[in-house]
1. When the range B:97-121 is examined, which residues are found to be surrounded by fewer than 24 Cβ atoms within 10 Å (Cβ to Cβ) and modelled with pLDDT under 95?
2. Here are some conditions: (1) basic (Lys, Arg); (2) surrounded by 24 or more Cβ atoms within 10 Å (Cβ to Cβ); (3) under 25 Å from B:Ala89 (Cβ atoms). B:Arg314 meets all but one. Which one does it not meet?
3. So B:Gln79 fits all but one of (1) modelled with pLDDT of 95 or more; (2) of a type outside the set (D, E, K, R); (3) touching a Gly at 6+ places or on another chain (Cβ under 8 Å); what number is the exception?
4. When residues of the range A:46-76 are filtered for being under 13 Å from the mean Cα position of the chain (by Cα) and closer than 15 Å to A:Tyr116 by Cα, how many remain?
5. Of everything in the range B:229-253, what is farther than 25 Å from B:Arg215 by Cβ and either in contact with a helix residue (DSSP H, G or I) (Cβ under 8 Å, 6 or more places away or on another chain) or part of a helix (DSSP H, G or I) (or both)? Give them in sequence order.
6. Out of A:Ala16, A:Ala42, A:Ala22, A:Ala32, I need the residue that is within 14 Å of another protein chain (Cβ to nearest Cβ) and more than 16 Å from A:Leu109 (Cα to Cα). Which one?
7. Which of the residues that make up the range A:3-27 are surrounded by fewer than 21 Cβ atoms within 10 Å (Cβ to Cβ), at pLDDT 90 or above and either aliphatic (A, V, I, L, M) or not in a helix (DSSP H, G or I) (or both)?
Amino acid sequence: MTLVIGIGNPDRGDDAAGLAVARRVREATAAARCEVTVVELAGDQLALLDAWDGEKEVYAVDAVWSGATPGTVFRFDAARPLGVRFAGRGTHTFSLADVVELARALGRLPARLTGYGIEGAAFGFGAGLSPPVAAAAEAVAARLLGELEAGG
Amino acid sequence: MTHGSRMTRGSRGINVPALARVEGEGGIEIVVSDGQVTQARLDIYEPPRFFEALLRGRRYTEPPDITARICGICPIAYQMSACQAIEDACGVAVPEPVRKLRRIIYCGEWIESHALHVYLLHAPDFLGYDSGIHLARDHPDIVGRGLRLKKAGNRLMEVIGGRSVHPVNIKVGGFYRAPAVAELRALLPVLEQARQDAADTLAWVAAFDFPDFERGYEFVSLRAPDEYPITEGRVVSSRGLDIAPAEYDGHFTEFQVRHSTALHSVLDGRTYLTGPMARYSLNSARLPADVAAAARAAGLGATCANPFRSIIVRAVELLYACGEAVRLIGGYQPPDPPAVEAGPEDATGYGCTEAPRGLLYHRYRITADGVITDAKIVPPTAQNQRAIEADLRDFAAPRLDAPRERLTRECEQAVRNYDPCISCAAHFLDLRVSQS
């Protein structure tokens, strides 16, 4: 069983990029009846610790804001410390990178955790995804589905 | 979003443009002239969010859902103050079972908010760590305990509120759905564990080293006849104020300052303090005997005027909230119906509850058609800005000869004493100490 977690605020523009990926993966895997669980997480990122508790294979997708070109996709393997490059890039009190490092300190990381970050352009109230982020979300969903297929 | 703390050393002072481990965006500036602190300023630059204007023209039933969005950490506080104010305008009093269920979910918010601040935001200051993550690397069991506590609070909010962030089950008049007795009783083992974790938390923080610093605060909190204040009460102060929430505007004045996007607030012209230290100092006699005994064993007297020791007070309130939730769930009967009807009246309503960070005041003017024509929201962090500035001034003044790095770190800590929620207030942090 593989867990896919999309992270973001559905009402804050490109912050919803991870949610968009999760929904796309859910649609595709539901049809294929894959052994994949998809979870959407809006708000408290510390909830990730419980969301992936006991899971062996986890993908987490979140929006990032690093100054890179909007739609840029970052991919990391949590087996290695993420370093400052991913620090504080989330738009929440605790970033995905913070929670990954906290989980590592607590011994609560999944056996395999892969993260995807999608560089956002705008995080306005009530806005939808910007075109480059919407396209990147589709691309990440396709790549993730490819990884799931290769893995499964 | 949090910012990393950074410090630049100019020829005549210190400049730290970002304070970490607070919610929102802001900074501090301390100006020193001829060896004296001439100014201590809390700069809040998170953009104001104009919730009060946004509420005008909306239906009177909408504030609990709209104002919950002001804060992801204390949405229940916003929902409860909003409900109370609207119900006041409608001339409705909620029955006891609704009142008790509101108190249970509010305990959940105190538990998750206090656990987060004590373990991940404040304790690292006392133990010399840069963050909760660094603390967790050396003390995973301790941080794990804190996260278990937080989770217990979140579970309470999920079961009663539908979800822990921006709960959806709260409405004017009560709840959309009352949880079954079995749903709440199923939480009792988690809450009993949380109560033990809270007792262990209290013993842990009581052993920290605290700076020798006290101020003569005017404390402001709610006070209820026979219980520690959470969901209701009169607004009282340590200098004799004793008013109903409807009289708030006659005594509390908000005004704008250039260096903050959050309004400052005074009580009859005076700086005051709200939050756990105020609640405890004005209501310690209302704590149950076991919690009061634990507070004494942790070194607290009937009052507390050292803001650095507020972490002990938060731990006491953690213990109280866990026990109170257990007590209330033990006698829980689902409100039937889950909400009472509250029809609109051409009136103004007032609501005050105790958010984890302190007094939260809402006022709404509604029409007989149920349209909101005016709204006022005064969050605790905004009210505490002047107290934080006074703390910084009085704390820094006798310590100007201390190593600048240490003084800077302690000033940041002095701000985190308040668990400031700048997102709520801006409606905020950097530290700059400059000498002229």
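1. Within the range B:97-121, B:Leu121 is the sole residue that qualifies.
2. Result: B:Arg314 fails condition (3) only.
3. (3)
4. 12
5. Selection gives B:Ile230, B:Thr231, B:Glu232, B:Pro245, B:Ala246, B:Glu247, B:Asp249, B:Gly250.
6. Details: A:Ala16 fails: within 14 Å of another protein chain (Cβ to nearest Cβ); A:Ala22 fails: within 14 Å of another protein chain (Cβ to nearest Cβ); A:Ala32 fails: within 14 Å of another protein chain (Cβ to nearest Cβ).
The unique qualifying residue is A:Ala42.
7. A:Leu3
Residue-by-condition table, conditions (1) within 23 Å of B:Arg363 (Cα to Cα); (2) not charged (D, E, K, R):
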site	(1), (2)
B:Asp88	yes, no
B:Val92	yes, yes
B:Pro124	no, yes
B:Ala136	no, yes
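The values are calculated or read from the model by the stated rules, or taken from the named source; none is laboratory data. It should be emphasised that the depicted structure is a prediction, and the values quoted were computed from it without experimental measurement. A quick note on method: Cβ atoms are made from the backbone with ideal geometry, for glycine too, and the neighbour counts reach across all protein chains shown.
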